[in-house]
Amino acid sequence: MVAPASTSTIDLVAKFPDSVTADTRPGYTGFIVNKAKLVEVATAIRDEFGYDLLTAVTGVDYLAENKMEVVYHAFKTTGGAGLTFKVQVERIDPIEVPSLIDIWPGVDFQEREAWDLYGIKFTGHPDLRRILMWEGFEGHPLRKDWKEPFFEEEAKPFKSRWPDGKHTFAENKNPFRDNLNFPANFDPEKYEVTGEEDLYLSLEKDSLKDVDGNMKTEHIVVNMGPHHPSTHGVLRVAVQLDGETIIGLKPVMGYLHRNHDKIGERNTYLQNIPYTDRLDYFNSMSNNFGYVTTVEKLMKIPVAERAEYIRVIMAELSRIQNHLIFIGMLMNDLGTMYTPSLYAFEERELVLDIFEAVSGARMMCNYFRFGGVVRDIPDFAMQKIKDLVFDRLPAKTDEMERFLNENEILVARLKGIHVLNAEDAIKYSVTGPVLRAAGVPYDLRRADPYSIYDRFDFDVAVRQNGDMMDNYLIRFDEIRQSLRILEQAIKQIPQGPINSQKAAYQVRVPAGEAYGRIESPKGELGFYVVSNGKPNPYRYHVRPASFVNLTAVESMCRGTKIADFVALLAMLDIVMGELDR
Amino acid sequence: MENEKLSLPNYSIPEDIQNVVAVTTLDRLYNWGRRSSVWPLMFGLACCAIEMIAAQTARYDMARFGMEVMRPTPRQADMMLVSGTVTKKMLPSIIRLYNQMPEPKYVVAMGACASSGGPFKEGYNVVAGIDKFLPVDVYIPGCPPTPQALIAGLIKLQEKIDKQSIKHVTWYNKEKKDGNYVPMPILGPDLIDVRRNAEIRDVAAVKESA
């Protein structure tokens, strides 16, 4: 195991005395970099200090100080703690920050998101379009002075909606009596739709020219989605084709953009937990885990010993059912409609029974609390977990492998297709099983252990080829490792309280910032939370794995066939709730 | 109650042919066929879609009600199951899908989001309920509804189908040519519902003078 390096050992200020200062605000860490020197400093961070994986980029709007901040979180793929660096710019349009896309191409979508939601222009970004909202949308919604149509009050809990015994509806406070807001003197009949020329232009610009070079062929653009059975929800992909070969590809998202960030900044800390359930809706337990870990970091509170074990048990069960479904869905997309996924769902139901027994809900568990969990595991549920972990799941995993792994069609469709090499995977900030299948043994449970993962004996699943077959097989490896962790956790789990804190409707969170991350079944799930001491987070940002992993798709697909793309989407294991938030 | 009478016509059948002859009404036969083969549009929006899939698997098995044939194309589907949060960006696609479905067609709003916006109602990109645009037949509460709740909702839809009569249904009405066509909303500075153009213009003008 790599010894975790703390941020203090890196003396960025000594190296760049004129352009870097340490962030000295109480509760904050990292460095503030001068905007003019950002590219130079970032290059040094990557090349000289070895932070090769830039996972999170996001904006923060400090309205009172009249500043806009861009926060970067860089990590090493060899493990250890990360480096946070920030750029501050004055909050006067146009807000411009140099793009880091040449240093870490993985920032592509995240910079576009910051442009879309904060209006921060990243100069040098080749394709700076809106990503979650549509072109032509009025305003940048995450700015603190931007109010949504149903705006009621700055922060929850709201004052009574029954001031004189009568219920008032949010609709009635809006002049359009709906979730709408138009600029003054707007005339819908004279409005000219800007359309999607920019999308198609960028598709044209980035496409390969002349695949074989001999014959001149007409290129066609195919839009897959947002309603398409293989896109796992409402993703849309604009593909430029030369015959059946993909020569250019742009994902279009935001069809499930449910404004988690904006709503989360209005909620109290506790109210956000059920919202995190709905991010990656296959793994509500993991999402809870990521969020409470981050806020606990900020609150500096311990977690009850028994609760730590319960958390690990739930997170690993969640991982197992996620991977089983992944396998089922991959088979669906390869054409074996339903049968394997029926097997997968059978096991999933048993895991959901456990979730229901402990939390009361099948899918949206809302189970974790700051300092522990909300309820203890009842005895019958513990027995169910034991039955599953020691008997049923190992046998069923073997069975699944026996049925599928050597199937000729499956091997033909997966082997050697869509190879992602380790270098590219790191470059595009890919995390999770996809990165490990490319040969990088980077698993946060080992690389930067959180909770009590350092107590368990398990191997980081890793494969070497980075093709679809390895991506498929690594899921089985991970199920086996999760079972190993579960076996140990079940044996070691102590008796005791399940929460270190008293139950409370509101928690006190000291001012400061925290970036917490966990190894969710899809990759690194990060939460960036800024507190200003009030009951609501000042900034609440989710760094979803699906969203960033999708950055690599474009380069992986060029020159391959369109039919394989369907399988690729399944292989990346994207979930729209998390992707669009 | 009129339908009930129609379904039980008062004909006496001679005893010796009671085993081979059954008398029913055309309505009842027609509705029996339709209610036992409601094909949903294969269309998942968000979290609820996962419970919709779960309802199709072995434990809950929607096939028992003739609803297992999910059609990815709207042109072969009878029922649109709006399973999740409807966002403004997605709405034009949903309306287009609905308009492409042949009559008779039904809409089921599954879960809190599709019914009213649910926990995300205050979000700037969220439509507060699909019923602002499409005629919803059945609302299913829950966040997400369990597969049992979904099946209960679909049984309610079957009950609704049972009560329809060829005489009155809109899709044989020659005067109503474009049936349930819903005009496409436009994505402008915000979502433009073209049916409300005049209202939007007037309110925006008031905003200017204020």
Of (1) modelled with pLDDT under 90; (2) within 14 Å of another protein chain (Cβ to nearest Cβ); (3) buried (at least 17 other Cβ atoms within 10 Å of the Cβ), B:GLN164 fails just (2)
Could you say whether any residue in segment A:470-488 is touching an Asp or Glu at 6+ places or on another chain (Cβ under 8 Å) and small (Gly, Ala, Ser)?
yes
Selection over segment A:290-307 where residues are surrounded by fewer than 21 Cβ atoms within 10 Å (Cβ to Cβ) and either charged (D, E, K, R) or in a helix (DSSP H, G or I) (or both) yields a count of 5
Restricted to segment A:383-406 and to residues being touching a helix residue (DSSP H, G or I) at 6+ places or on another chain (Cβ under 8 Å), hydrophobic (A, V, I, L, M, F, W, C) and surrounded by fewer than 18 Cβ atoms within 10 Å (Cβ to Cβ), the residue farthest from A:GLN481 (Cα to Cα) is A:PHE403
Reported set for segment A:117-130 where residues are touching a residue at least 40 places away in the same chain (Cβ under 8 Å) and closer than 19 Å to A:VAL71 by Cα is A:LEU117, A:TYR118, A:ILE120
In segment A:338-350, is there at least one residue being more than 10 Å from every other protein chain (Cβ to nearest Cβ), among the aliphatic types (A, V, I, L, M) and on the phi < 0 side of the Ramachandran plot? no
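For every residue, the table says whether it meets (1) modelled with pLDDT of 85 or more; (2) over 27 Å from B:VAL203 (Cβ atoms).
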position	(1), (2)
A:VAL71	yes, yes
A:LYS76	yes, yes
A:PRO98	yes, yes
A:ASP108	yes, yes
A:ILE120	yes, yes
A:ARG129	yes, yes
A:HIS140	yes, no
A:ALA170	no, no
(request) Evaluate segment B:74-85: report whether one residue or more is crowded, with 24+ Cβ neighbours inside 10 Å, charged (D, E, K, R) and assigned to a loop (DSSP other than H, G, I, E, B). (result) no
Going through (1) of a type in the set (A, V, I, L, M, F, W, C); (2) away from chain A (no Cβ under 11 Å); (3) loosely packed, with under 14 Cβ neighbours inside 10 Å one by one, B:LEU154 fails only at (3)
Within segment B:55-73, residues under 21 Å from A:LEU235 (Cβ atoms) and either within 8 Å of another protein chain (Cβ to nearest Cβ) or in a loop (DSSP other than H, G, I, E, B) (or both) come out as B:MET70, B:PRO72, B:THR73
Note on segment B:1-36: residues surrounded by 12 or more Cβ atoms within 10 Å (Cβ to Cβ), part of a helix (DSSP H, G or I) and at pLDDT below 80 are B:ASN3, B:LEU6, B:SER7
Note: among A:ALA511, A:ALA504, just one is surrounded by fewer than 18 Cβ atoms within 10 Å (Cβ to Cβ), in the same structural domain as A:GLY290 (by TED's automatic domain parsing) and out of contact with any Lys or Arg (no Cβ under 9 Å at 6 or more places or on another chain), namely A:ALA504
- Task: Kindly establish whether B:LEU97 is under 13 Å from the mean Cα position of the chain (by Cα) and either assigned to a loop (DSSP other than H, G, I, E, B) or at the interface with chain A (Cβ under 7 Å from one of its Cβ atoms) (or both).
- Result: yes
Scanning segment A:414-444 for residues that are outside any loop (DSSP other than H, G, I, E, B) and more than 16 Å from A:ARG475 (Cβ to Cβ) gives A:ALA422, A:GLU423, A:ASP424, A:ALA425, A:ILE426, A:LYS427, A:LEU444
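Results for (1) in the same structural domain as A:TYR281 (by TED's automatic domain parsing); (2) free of Cβ contacts under 8 Å to residues at least 24 places away in the same chain; (3) out of contact with any strand residue (DSSP E or B) (no Cβ under 7 Å at 6 or more places or on another chain); (4) surrounded by 19 or more Cβ atoms within 10 Å (Cβ to Cβ), shown as yes or no for each residue.
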{"site": "A:ASP467", "(1), (2), (3), (4)": "yes, no, yes, yes"}
{"site": "A:TYR472", "(1), (2), (3), (4)": "yes, no, yes, yes"}
{"site": "A:ASP477", "(1), (2), (3), (4)": "yes, yes, yes, yes"}
{"site": "A:ILE490", "(1), (2), (3), (4)": "yes, no, yes, no"}
{"site": "A:SER500", "(1), (2), (3), (4)": "yes, no, no, no"}
{"site": "A:VAL529", "(1), (2), (3), (4)": "yes, no, no, yes"}
{"site": "A:TYR540", "(1), (2), (3), (4)": "yes, no, no, yes"}
{"site": "A:ALA552", "(1), (2), (3), (4)": "yes, no, yes, yes"}
{"site": "A:VAL575", "(1), (2), (3), (4)": "yes, no, yes, yes"}
All conditions in (1) within 13 Å of the chain's Cα centre (by Cα); (2) buried (at least 21 other Cβ atoms within 10 Å of the Cβ); (3) within 11 Å of chain A (Cβ to nearest Cβ); (4) not polar (S, T, N, Q) are true of B:ILE140 except (3)
Notebook entry, point to check: For A:GLY559, are the conditions met, namely being among the small types (Gly, Ala, Ser), modelled with pLDDT under 90 and not in a loop (DSSP other than H, G, I, E, B)?
Noted result: no
In segment A:131-169, residues that are of a type outside the set (Asp, Glu), more than 7 Å from chain B (Cβ to nearest Cβ) and either touching a residue at least 60 places away in the same chain (Cβ under 8 Å) or in a helix (DSSP H, G or I) (or both) total 8
A:THR84 vs (1) farther than 30 Å from A:VAL237 by Cα; (2) within 10 Å of chain B (Cβ to nearest Cβ): all pass except (2)
Per the list (1) assigned to a loop (DSSP other than H, G, I, E, B); (2) surrounded by fewer than 18 Cβ atoms within 10 Å (Cβ to Cβ); (3) in contact with a Ser or Thr (Cβ under 9 Å, 6 or more places away or on another chain), residue check on A:ILE409 breaks on (1)
For segment A:334-378 the number of residues that are over 23 Å from the mean Cα position of the chain (by Cα), in a helix (DSSP H, G or I) and of a type outside the set (Val, Ile, Thr) is 15
Counting only residues that are part of a helix (DSSP H, G or I), within 10 Å of chain A (Cβ to nearest Cβ) and not aromatic (Phe, Trp, Tyr), segment B:120-137 contains a total of 1
Looking across segment A:247-273 at residues that are facing another protein chain (nearest Cβ under 8 Å) and among the basic types (Lys, Arg), the single one that is nearest to A:LEU579 (Cα to Cα) is A:ARG258
Selection from segment A:25-44 of residues touching a strand residue (DSSP E or B) at 6+ places or on another chain (Cβ under 9 Å) and among the hydroxyl-bearing types (Ser, Thr, Tyr) yields A:TYR28, A:THR29
By residue number, the members of segment A:182-205 that are within 22 Å of A:PRO149 (Cα to Cα) and in contact (Cβ under 8 Å) with a residue 24 or more places away in the chain are A:PHE182, A:PRO183, A:VAL193
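The values are calculated or read from the model by the stated rules, or taken from the named source; none is laboratory data. As the structure is a prediction and not an experimental result, all values here were calculated from the model. Methodologically, a virtual Cβ is constructed for each residue, glycine included, from the backbone with ideal geometry; neighbour enumeration extends over all protein chains shown.
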